[in-house]
Amino acid sequence: MDSQAARSITIVGGGTAGWMCAAALAHFVGENTRITLVESDAIGTIGVGEATIPQIRMFNQTLGIDETDFIRATGATFKLGIEFAGWLRPGHSYLHAFGDVGRDIGLGGFRHFWSRAHRLGLARPLGDYSVNDLAARAGKMHDGAPLTNRNVPAVPHAFHFDAGLYAAYLRRYAQKHGVVRQEGTIVSVARDGQNGDVTTLTLADGRVVAGDLFIDCSGLRALLIQDTLGVGFDDWSHLLPANSAVAVPSERTAPLTPYTRATAHPVGWQWRIPLQHRTGNGRVYCSAFLSDDEAAAGLLAHLDGAPLADPRVIRFATGRARQAWSHNVIAMGLASGFLEPLESTSIHLIQSMIARIMAFGPTCRPAPAVRATFNRQFADEMERIRDFIVLHYWANEREEPFWQACRSMALPDSLAEKIELFRSAGHLFRDQSDLFSEVGWLQVLVGQGIVPATSHALAEAVSESDLAAWLDTLHTLYAREVAAWPTHADYIARHCAAPSPQGLVA
């Protein structure tokens, strides 16, 4: 069957996923396509995806969104990476920082030179050769050309922001560009009797909403892709056993750190996301090891500031829909699957799905090969991110029963092979579907205690004295640059301070 362009697109659900999708579609196809978004104010959203990775800047720039305006409107702060505290063992910490680590020499990756120096006792911690890592730990921020030396590498950044304010910001953008919002609760879904496509949605007040293509952004409910079409779900709880989270906002506290913190606890971990007007907090845990009350009490006991609301429990199953695109329905965000927010991938997966929709259409009646390729790409991306998250849990030296259970799990073949390639000889190869670069894998592998046994021949050929001098020069160059930067809080105050909390409008 030939592909048919969708003349009308109906998005089910608002929140971050729904309004990111609506804004992007309005920008790319809004002149030729009727776009409707159906949401109910009575149905809440998860709203914990407040930390992002640098690709979010590309999304905003594509829509023509001014970065300073966006930061002020969402109470955003800058993010240079993620700190993992206590994941290898209590008291240990490392950062998965954005950007480069060290500098390659010809065909020799920096990791080979560093690992050889590490075995010889000549190397600093890996993060000392990353500008982002040094800046994050020093609480510094700078965006633009280097201040001290042109050889200092670029400093990519992402953001922490209020997901509710971001959704509201994009709602205003989308409606300005022609998206029609329908308020109401969906009570029934009609399908074509012959081909099974979704045809209409009926709202509680009797209104009927039609569409050629439907985007399911209904969150964990997965109203269309699961409740209506029943595509099935691949459950990954045997690899990622956490199935609950409890979240609570707290007062803003100083210092205003330019990184997300993920702190391991005896059962699961706790996130800390600093915004200009508050701090986002939550604890991810496995209900087989910890009760909701215990999780909430533990979360409240480890806040940096006073809580601003009561803790809210969220249930989830880690995994993915077996098909993200079935019939004329495409699932996006939590409706397509769930991966805990350990590496801040939730919002990126929405962005990635939008890009995939645009690459393939958007169409409502694709050829079978189109839909199959779309679904394979979605599955591959989810599985590579899953492997990256599993690595954090599996490679640990903690003594608690939960962590011992994680350490004893059977790894997916794809992850086991990647670990062995690195452990044996420092090899890292990026799959086409892998979101995370070799540098990202390097930081987490080393941070979780996995160091190569041997190095590339190019690294072995360098004299010890030259190797030590080169590494010292890199660290000195980067540390001097970071020392010239303002603090994160000062940088925001000078360039993009949000209005008072009362002035932030959803």
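Points worth noting:
Conditions tested, residue by residue: (1) under 25 Å from Pro241 (Cβ atoms); (2) out of contact with any strand residue (DSSP E or B) (no Cβ under 6 Å at 6 or more places or on another chain); (3) assigned to a loop (DSSP other than H, G, I, E, B).
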{"site": "Val390", "(1), (2), (3)": "yes, yes, no"}
{"site": "Gln404", "(1), (2), (3)": "yes, yes, no"}
{"site": "Glu417", "(1), (2), (3)": "yes, yes, no"}
{"site": "Glu420", "(1), (2), (3)": "yes, yes, no"}
{"site": "Phe429", "(1), (2), (3)": "no, yes, yes"}
{"site": "Gln432", "(1), (2), (3)": "no, yes, yes"}
{"site": "Leu435", "(1), (2), (3)": "yes, yes, yes"}
{"site": "Pro452", "(1), (2), (3)": "no, yes, yes"}
{"site": "His475", "(1), (2), (3)": "no, yes, no"}
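- Residue in segment 292-308 that is assigned to a helix (DSSP H, G or I), acidic (Asp, Glu) and buried (at least 23 other Cβ atoms within 10 Å of the Cβ) present: no
- Ala416, sole failed condition from (1) touching a helix residue (DSSP H, G or I) at 6+ places or on another chain (Cβ under 6 Å); (2) modelled with pLDDT of 95 or more: (1)
- Matching strands (runs of 3 or more DSSP E) fully within segment 202-285 where at least 2 residues are without any contact (Cβ under 8 Å) to a residue 60 or more places away in the chain and either over 22 Å from the mean Cα position of the chain (by Cα) or buried (at least 22 other Cβ atoms within 10 Å of the Cβ) (or both): 269-274, 279-285
- Residues that are part of a helix (DSSP H, G or I) and of a type outside the set (A, V, I, L, M) within segment 127-153 comprise Gly127, Asp128, Tyr129, Asn132, Asp133, Arg137, listed in sequence order.
- Figure legend. Inter-residue proximity from segment 426-455: first residues within 16 Å of Arg119 (Cβ to Cβ), second residues among the charged types (D, E, K, R) and part of a loop (DSSP other than H, G, I, E, B), beta-carbon distance below 7 Å, spacing 6+ or different chains. Indicated pairs: Gly449/Glu397.
- Contacts under 9 angstrom Cβ, first residue in segment 355-377 being without any contact (Cβ under 8 Å) to a residue 12 or more places away in the chain and part of a helix (DSSP H, G or I), partner of a type in the set (A, V, I, L, M) and surrounded by 19 or more Cβ atoms within 10 Å (Cβ to Cβ), 6 or more apart: Ala355/Ala24
- Scanning segment 50-105 for residues that are outside any loop (DSSP other than H, G, I, E, B), surrounded by 19 or more Cβ atoms within 10 Å (Cβ to Cβ) and of a type in the set (D, E, K, R) returns Arg72, Lys79, Glu83.
- Residue within segment 156-167 that is in a loop (DSSP other than H, G, I, E, B) and touching a Pro at 6+ places or on another chain (Cβ under 7 Å) present: yes
The values are calculated or read from the model by the stated rules, or taken from the named source; none is laboratory data. This structure is a prediction, so every number in the text was calculated from the model and none was measured. Using ideal geometry, Cβ is built from the backbone for each residue, glycine included, and neighbour counts are taken over all protein chains shown.
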